[in-house]
Structure formats: C-alpha cells, structure tokens
Amino acid sequence: MNFYTAVLPVLAGFLTDLILGDPYTMPHPIRLIGSLISRLEGFVRRRFKNLRAGGVFLAITVLILSSGVPLVILLLAYRLNTVFGIVAESVFCYYLIAARCLRDESMKVFRAVNEGDTEKARKAVSMIVGRDTKSLDEKGIIRAAVETVAENTSDGVTAPVMYMAAGGAVLGFFYKAANTMDSMIGYKNEKYAELGRFAAKLDDVLNYIPSRLTAAAMIFSAFILRMNGRGALKIWKRDRRKHASPNSAQTEAVCAGALDIRLAGDAYYFGRLHKKEYIGDDNRPVENEDIRRANRLMYAASVIVLIFSVTFRALVFGGIL
C-alpha cells in the first residue's frame, strides 16, 4: 500500500458523497445488506429454536458476506490495475458515508415545516427516525429531526470514516453491516430481544470509541461555528449517559448544549411508550432553524474527523512513517 491507495479512496468517497449524496436509483450495497438481514431473519426463525443462538449465526453470516465480498472485489481490482483498484475502493467508500443523505432527508422536514404542512413534515421525519411519529406536533417533529442528525453524525458519517481509516472499505463494510443489523433487529422488544441481542451488543462495542471522538469533534465545531461551545461541553459532561445506548447520548448531548435546547424525553416505539430522560436544558423552544444548525454541526465535525482520519491513514499505511 502506498500513499495514494491509502488516502485517495477515503477522501474521494467523502467528497463524492458531499457532492452527489446517495444514488437512490441505483443498487446500493447497504440496501443489499438490509435485504440479506431480512432473508436471514426468516431463515433463523424457521430453523432455530434458540433465537439468541440464531441471532449470533445471523450476525456472523452477515458480517462475513458483507465484508468478504468487497474484499474479494478489491483484491481483484487492485491486482488488475492500481488505478482501477483506487476507483473501485473510492466507490465503496462513497456508498458507506451518508452525510449528504442525512442532510437532504432532514431538510425535507425543514421545508415541510416551513410550508406549514405538519402532515408532510410528520411523514418526512418518519423516514429517518425509528419512533412512532403519528402523534408528534410541530415541535416534536423538529426535535426528532435534530436528534436524528445528532445521533447519525457518528453512525452514518464519522464512524464509517474512522473504520475506513483503520481498515479501508472492507472494515467500513464490516462496521456498516453491524450498524444496519442493529437498526433492523437490535430492538429490546418481544420480537427482537433475543434475536437481535448479539447485533445490538456488537454495535455498542463498535460505536463506543467513534461516538466519543465524534462528540469531541462536535464540541470543537460548536466553538468554530460560534454556537454555544461551553454549553456543548457542559451538557456533554452532564447528560452523555442519559440514554439506553451507551453511545447515542454522546452526540445528542453535545448538539443539545450547542443549540441551547432540550432533546430526548419520552417517545413511542411500536405503539408502546418508552420513558426517557431529557438531554439538555430547556433554555428556549426548539425552532425549525435548529435543523439547519444541527446539519452545520454535523458537517463541521465530519470534516474534522475526515482530516484526522486521512492523516492517520497516510502516516500509518501510506508509507510516510
């Protein structure tokens, strides 16, 4: 591996996502992973009496296929030609990053709220959150969109970049497969408590360091963007553990502090009320502009993480050291 094969795919993937966003009309590897998970879930439920063991089988199978297929493709691509390999890996890296998609989908909520169409805004936010949205009022819709941008800054953008910096597109696919499994079967309800247990725990482990590094980048970004940097640090210290997940509140707390608003609180999932602590202080009501602010915070933190990740990869794998 030389400097160019180490650095260019990650950098090109990030910049391509920044410009183009997700290609909705083309086959997407993450959607294929989601389809694989769905098919294996049906197989496991038919074949395994012990769903916890079946969940382990499902997770290991998905991880092997999701990272093994890209590995084989990239080995062949680089063997044929270095430039061809760089291009192929750049495309894979592009598929793994969702910054533009996160921004575009959250801004659909922003525009619907601006138009005064609550039902349209409710439908738009339902596409990017896991909670029930039927009973959300305008403030609840905005808050849900802001929370999603804050949480997915790590899951959808910076964590994939960090894993690609550590192990290229192959390790990036390993991470995204685990994260996709968690989003599909990692629920603590009657249907998935056993089947999704391993996937949920694995996702917690894989996101432990990235979520905290992302929180640090977001705090730094809050100062750069002239948001409430001191508030971001204060609320992160106080509220970063106020979530059932050990990782999700890391970035939500920073966002709440940076914007001087209160996030989280009780929410309905699959028709059942889940009691949740508030994150942040209720210094002012949430407003539609907070969606824009959350996206600016996401992009600034993502660029910071990209710079450090590419530098790390260049030093360790690019032959500089």
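Simple point charges give the picture: +1 on the Cβ of Lys and Arg, -1 on the Cβ of Asp and Glu, and for region 178-232 a dipole about the Cα centre of about 280 debye. Computed from the C-beta positions of V205 and V83 and an R0 of 51 Å, the FRET efficiency is 0.90 to the nearest 0.05.
With Cα extents along the principal axes in Å in mind, check (1) 84, 41, 35; (2) 57, 52, 36; (3) 103, 43, 40 and report the label derived from this structure. Calculated Cα extents along the principal axes in Å: the matching label is (2).
Sort the following peptides by mean Cβ neighbour count (other Cβ atoms within 10 Å, averaged over residues), highest first: 151-163, 118-130. Mind showing how you got there, number by number?
On the way: 151-163: 26.8, 118-130: 17.5.
Those peptides, ordered most packed to least, come out 151-163, 118-130.
Taking a straight Cα-Cα cut-off under 17 Å and skipping sequence neighbours fewer than 8 places away in the same chain, the lysines within cross-link reach of K234 are K242. Using a cutoff of 8 angstrom between alpha carbon atoms and counting only pairs six or more residues apart, the relative contact order for region 164-283 works out to 17 percent. A Förster radius of 25 Å combined with the Cβ-Cβ distance from R226 to D282 puts the calculated FRET efficiency at roughly 0.70.
The H on the amide N of Y278, modeled in the peptide plane, is under 5 Å from the matching H of G265, each at least 5 residues off or on a different chain.
Beyond 26 Å in Cα-Cα separation lie the following of the pairs K134/K188; K120/K201; K108/K201; K176/K237: K120/K201; K108/K201; K176/K237.
Measuring r between the beta carbons of L32 and L315 and using R0 = 30 Å, the FRET efficiency lands at 0.35.
Ranking V91, S245, Y192 by Cα position along the charge dipole of the chain, where only Lys, Arg, Asp and Glu carry charges on their C-beta atoms, puts Y192 farthest toward the positive end. For a straight C-alpha distance cut-off of 15 angstrom, the aspartates and glutamates reachable from K276 (same-chain residues fewer than eight places away being disregarded) are D132, E147, D239, E252, D266. When +1 charges are put on Lys and Arg Cβ atoms and -1 charges on Asp and Glu Cβ atoms, the dipole computed for region 120-246 relative to its Cα centre reaches about 520 debye. Relative contact order of the chain, taken over Cα pairs closer than 8 Å and 6 or more residues apart, is 23 percent. Once you reduce region 108-126 and region 37-74 to the center of their Cα atoms, the two points are 36 Å from each other. Coupling constants for region 169-175 follow from the phi torsions by the Karplus curve (6.51 cos²θ - 1.76 cosθ + 1.60, θ = phi - 60°), and in residue order they are 4, 4, 5, x, 5, 4, 5 Hz; glycine and proline get x. Gain on full extension, evaluated as 0.36 nm per residue between T118 and F3 minus their Cα-Cα distance, stands at 36.4 nm. Charged side chains reduced to their Cβ positions (Lys and Arg at +1, Asp and Glu at -1) give the chain a dipole of some 680 debye around its Cα centre.
Quick note: the coordinates plus some simple rules give every number you see, no bench work behind them. What you see is a predicted model, and the numbers here were worked out from it, not measured in a lab. Here Cβ is always computed from backbone atoms with ideal geometry, including for glycine, and neighbour counts include all displayed protein chains.
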